[in-house]
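Here the structure comes first, spelled out in structure tokens, and everything after it is commentary.
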Amino acid sequence: MTTDAVSRSSAAHNEEMVPRYTLAERVNHWIGALAYIYLLITGLAFWSPYLYWLAAVVGGGPVARAWHPWVGLIFTASLFWSFKQWHGDMKIDDADRAWAKAIPNYIQNEDDKLPPVGRFNYGQKLFFWAMFYSVILLLLSGITLWYTEALPWSLRFVRYAAILIHASVALFTIGLFLIHVYMSAILEEGSFGSMVHGYVTRAWAWTFHRSWYEQVSGGSRRVQ
Ligand code: HEM
């Protein structure tokens, strides 16, 4: 969503809340989240015999094997759609580098010493790009595994590489996913609601994303 669009809908909305996510952004986010959870359950079931019982939760091994690649395509499409929606807001800039230098203040809870943050903070941007490049690797290795019988035996190293890449990148994304859910949905009170109904309070916007708040509210209004 462009800053102009946010400002326009903000003016049209009530005084207390600021629009943060459009309906399209929220629908796409939850399609991606549901797809990822399905991939997580079925992928872990394929990864270890100790976790194979997870497949029973989603209809059994053969059903999981048939659906996993298709849901992988849905997840990929959702991330590509996110790229279309957010790549402008996700650009890493000087403000992010200044924020990264102030990480010691963040760790010591000295939030007043942190530089103001735009629509997304540095951590959110790193998460987005890490997920985006991971999904490309997962897609390429996943397609190789999907049609693995089509590969001649002389190219078996491609199959081995695909197995290694698919599993290790998937494990990496699980780490990202756990951090994301903790940071976005648990740590920052008010964030979860913004991904459900689309709005945040002015106080939330001022506290966590001050430069963005100043842009969308058309001035540097202090809220406490
Ligand atoms: C149950 C799972 C998930 C929950 C509860 C969740 C929750 C949230 C929340 C509350 C936000 C808004 C954060 C804010 O504006 O401060 C958000 C944003 C976002 N989510 Fe998720 N999410 C989940 C899964 C995923 C997955 C699987 C992806 C995969 C790419 C993802 C990608 C993003 C991105 C890129 C953003 C915007 C930047 C950010 O806040 O990190 N989410 N999510």
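The values are calculated or read from the model by the stated rules, or taken from the named source; none is laboratory data. The model shown is predicted, which means the values in this text are computed figures rather than measured ones. Don't worry about glycine lacking a Cβ; one is built from the backbone with ideal geometry, like all the others, and counts go over all protein chains shown.
Some observations on this one:
- Evaluation of Phe172 against (1) within 26 Å of Phe46 (Cβ to Cβ); (2) of a type outside the set (A, V, I, L, M); (3) not in a helix (DSSP H, G or I) (one fails), failing number: (3)
- Residue match in the range 66-87 (condition: assigned to a loop (DSSP other than H, G, I, E, B), of a type outside the set (A, V, I, L, M, F, W, C), under 30 Å from Gln215 (Cβ atoms) and at pLDDT 95 or above): yes
- Odd one out for Trp99 among (1) under 28 Å from Ser48 (Cα atoms); (2) within 16 Å of the ligand (Cβ to nearest atom): (1)
- Residue within the range 139-161 that is within 10 Å of the ligand (Cβ to nearest atom), surrounded by 15 or more Cβ atoms within 10 Å (Cβ to Cβ) and within 21 Å of Gln85 (Cβ to Cβ) present: no
- Entry remark, the range 59-96: residues being farther than 30 Å from Leu114 by Cβ and more than 16 Å from the ligand (Cβ to nearest atom) number 11 in total.
- Only listed residue being at pLDDT 95 or above, within 24 Å of Ala95 (Cα to Cα) and assigned to a helix (DSSP H, G or I), chosen from Leu137, Leu126, Leu164: Leu126
- Considered as a group, the residues in the range 176-202 that are in contact with a strand residue (DSSP E or B) (Cβ under 8 Å, 6 or more places away or on another chain) and over 18 Å from Lys125 (Cα atoms) include one that is farthest from the ligand (Cβ to nearest atom), and that residue is Arg202.
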